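Peer 1: Questions regarding the structure given below will be posed in turn.
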Amino acid sequence: MVSFIGHDLYAIDHKGRIAIPQWGRQPSTSKKPITTFFLNRGFEGCINVHDPEGWEKLMASLRRIPPGDARGRVFQRAFLTDAKEVTVDAQGRVPIPPALLSHAGLGKEAVLHGNNVRIEIWNPELWAKNVGPVTDVPGEYERLGAEYLKDALGE
């Protein structure tokens, strides 16, 4: 399974394209470069970027929603409304559909954040507001690390 890590600020060109960095196109756990991604509306105002394997896992989860579940059907529609399969061009860029640019409030630059199983694209100001409560509050990062990583940290 691919694991995405890293965090960088990237320009969005006048055609709405953003470069996917090498760490996103050729993750250390992958033998060959990723040439196709799936973009969709993320949570908290970001755009999610999935590799084909990760996207298929999401689609398998959606297929498990019972057809008779009205809330599930509505969520499926919302989840897939702005979803788009995109191809990486020769310069390592992918186009961001206008609806997703609008959803994320993106302008001329964006934060690309490797979030384990996906890459997230954020408006830089929204990124700072989202992560700030953890990184800017003394001791909060450590408290959450002890809570969520206790098994990995041996605590």
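The values are calculated or read from the model by the stated rules, or taken from the named source; none is laboratory data. Computed from a predicted structure; not experimentally measured. Ideal geometry is used to build each Cβ from the backbone, glycine not excepted, and the neighbour counts take in all protein chains shown.
Peer 1: Only one residue in Leu62, Leu39 is under 30 Å from Glu109 (Cβ atoms) and modelled with pLDDT of 95 or more. Which one?
Peer 2: From the options Leu62, Leu39, the qualifying one is Leu39.
Peer 1: Within region 73-92, is there a residue that is surrounded by fewer than 17 Cβ atoms within 10 Å (Cβ to Cβ), under 19 Å from Asn116 (Cα atoms) and not aromatic (Phe, Trp, Tyr)?
Peer 2: No, because not a single residue in region 73-92 is surrounded by fewer than 17 Cβ atoms within 10 Å (Cβ to Cβ), under 19 Å from Asn116 (Cα atoms) and not aromatic (Phe, Trp, Tyr).
Peer 1: Then there's this: What's the number of the only condition in (1) surrounded by fewer than 16 Cβ atoms within 10 Å (Cβ to Cβ); (2) under 12 Å from the mean Cα position of the chain (by Cα); (3) among the aliphatic types (A, V, I, L, M) that Ala11 fails to meet?
Peer 2: Evaluating Ala11 over (1) surrounded by fewer than 16 Cβ atoms within 10 Å (Cβ to Cβ); (2) under 12 Å from the mean Cα position of the chain (by Cα); (3) among the aliphatic types (A, V, I, L, M) leaves (2) as the failure.
Peer 1: Now for a different question. Would it be correct to say that Ala70 is farther than 20 Å from His50 by Cβ, modelled with pLDDT of 95 or more and hydrophobic (A, V, I, L, M, F, W, C)?
Peer 2: yes
Peer 1: Quick check on Ile47: is it of a type in the set (A, V, I, L, M, F, W, C), modelled with pLDDT of 95 or more, touching a strand residue (DSSP E or B) at 6+ places or on another chain (Cβ under 6 Å) and under 21 Å from Asn130 (Cβ atoms)?
Peer 2: So Ile47 passes the test.
Peer 1: Next question, about the same structure. Is one or more of the residues making up region 133-154 under 20 Å from the mean Cα position of the chain (by Cα), under 26 Å from Pro27 (Cα atoms), surrounded by 11 or more Cβ atoms within 10 Å (Cβ to Cβ) and free of Cβ contacts under 8 Å to residues at least 40 places away in the same chain?
Peer 2: No, region 133-154 contains no residue that is under 20 Å from the mean Cα position of the chain (by Cα), under 26 Å from Pro27 (Cα atoms), surrounded by 11 or more Cβ atoms within 10 Å (Cβ to Cβ) and free of Cβ contacts under 8 Å to residues at least 40 places away in the same chain.
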